[in-house]
Amino acid sequence: MRKVDRIQGQFQILNQHDPALSGNGETLALIVDYNGRPTLQLRDLRNGKIIPLRHLSRNQPHSSPSLSWNGRYIAVLAQPRNKRLVIIEDRLTGRSYQFPIPGERIPVRLSLSPDASQLALQIAEKGKWRIQLFDLSKKIERDMPRGARFSNNSSLED
Amino acid sequence: MKLNYYLKKYFSYYFIFSSFLLGGCSRINMRPMYGLNDALFQSSTSYREPSLGNKWIVSLVNYQGKDKIEMIDMNSRKRVPLPGLNRADSQPISVSLSANGERLALIRQRADQTELLIYRRRVGTLQRIELIPKGIPRRVSLDSSGKVLAVQVSREGKWDVEVIRLKG
């Protein structure tokens, strides 16, 4: 058994699930059920406060959030008007990107790489779970940890 | 001439109004990385619960009806050995990878126990994390250092999220 410190949060009010931490461990994304509508919520773990989101307060139900290193990008699955989308909000510029899912595939879960250059999507297709990787490097800037640089093969160096 | 003037005016107002409504929202088509996907994932096998690190991906893979945790180096496109992690008597439920690929957090079902564990890849050790008060973990997320965990826990029929900071 490991000794742990528990961070006391104000996370006890509603049903909440699908936690995702930013790479630096300072931001937590989770899904909170508001009146039966699964809605993305972002919290600053340093002070427990809710961080407002410009674009992701609509297009519910939300599921499977994922954050980049510094929490600059937040990706989530959304289902506005029965259309399934990946939505990524850039908290630095205030822009959001909507990625419709190609084909008849049903997205189930996602994971954003720490630098936001790739997205892994779990999809249901022909009765099987599959994972597909998508390249985001030409569409959005990378979110890198402070003081880090990238070598030419995309691996991270401290 | 007058009609042209009004049409131009109408379309400029329409453009300004549409830009305001969209509020910096772009719709972009995503293209799968076909070459990499074909190299990493077998079409006959079921993969779920992806978690990306800097250059690795971990997921739960179903081989012959049994789930196991698999880690792939996306640069070399090779499976990474995880000695001592996958056991015949347990079923993984959720997995998350630290950015440097050194630590994995996982939830697994073993007999009638649902366990939350940290796996250190370099030394091949598994360490159990106790939830206080007791609860049933369902999903886990790890930060880049592998020392902060966010866990979805079921207690008294309600889902909660708990953040745990590991010492060391």
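Structure above, values below:
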item: Residue ID - farthest from the other protein chains (Cβ to nearest Cβ), chosen from residues in region B:88-113 that are farther than 19 Å from B:Arg48 by Cβ and open to solvent by 40 Å² or more (accessible area, probe 1.4 Å); result: B:Ala88
item: Output for region B:102-148, where each listed residue is in a loop (DSSP other than H, G, I, E, B) and under 22 Å from A:Leu112 (Cβ atoms); result: B:Glu102, B:Arg121, B:Asp143, B:Ser144, B:Ser145, B:Gly146, B:Lys147
item: Members of region B:114-166 that are more than 9 Å from chain A (Cβ to nearest Cβ) and of a type in the set (A, V, I, L, M); result: B:Leu116, B:Leu117, B:Val123, B:Leu126, B:Leu131, B:Ile136, B:Val153
item: Residue ranges of strands (runs of 3 or more DSSP E) in region A:74-130 with at least 1 members within 7 Å of chain B (Cβ to nearest Cβ) and small (Gly, Ala, Ser); result: A:96-100, A:106-112, A:118-125
item: Residue in region A:51-70 that is over 22 Å from A:Ala116 (Cα atoms), at pLDDT 90 or above and within 7 Å of chain B (Cβ to nearest Cβ) present; result: no
item: Among the candidates A:Ile74, A:Ile123, A:Ile106, residue that is surrounded by 23 or more Cβ atoms within 10 Å (Cβ to Cβ) and out of contact with any Leu (no Cβ under 7 Å at 6 or more places or on another chain); result: A:Ile123
item: Filter result for B:Ser154 (over 20 Å from A:Ser111 (Cα atoms), among the small types (Gly, Ala, Ser) and surrounded by 14 or more Cβ atoms within 10 Å (Cβ to Cβ)); result: yes
item: Residue check, A:Tyr34 of a type in the set (Ser, Thr, Tyr) and more than 12 Å from chain B (Cβ to nearest Cβ); result: yes
item: Among the residues listed as A:Gln122, A:Gln132, A:Gln118, the single one being among the polar types (S, T, N, Q), closer than 27 Å to B:Ala39 by Cα, at pLDDT 90 or above and in contact with a helix residue (DSSP H, G or I) (Cβ under 6 Å, 6 or more places away or on another chain); result: A:Gln132
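The values are calculated or read from the model by the stated rules, or taken from the named source; none is laboratory data. Computed from a predicted model, the values in this text were never measured in an experiment. Cβ coordinates were reconstructed from backbone atoms using ideal geometry, including for glycine residues, and neighbour counts include every protein chain displayed. Quick note on the areas: whole protein, heavy atoms, side chains included, nothing else; ligands and nucleic acids left out. Shrake-Rupley method; radii C 1.70, N 1.55, O 1.52, S 1.80 Å.
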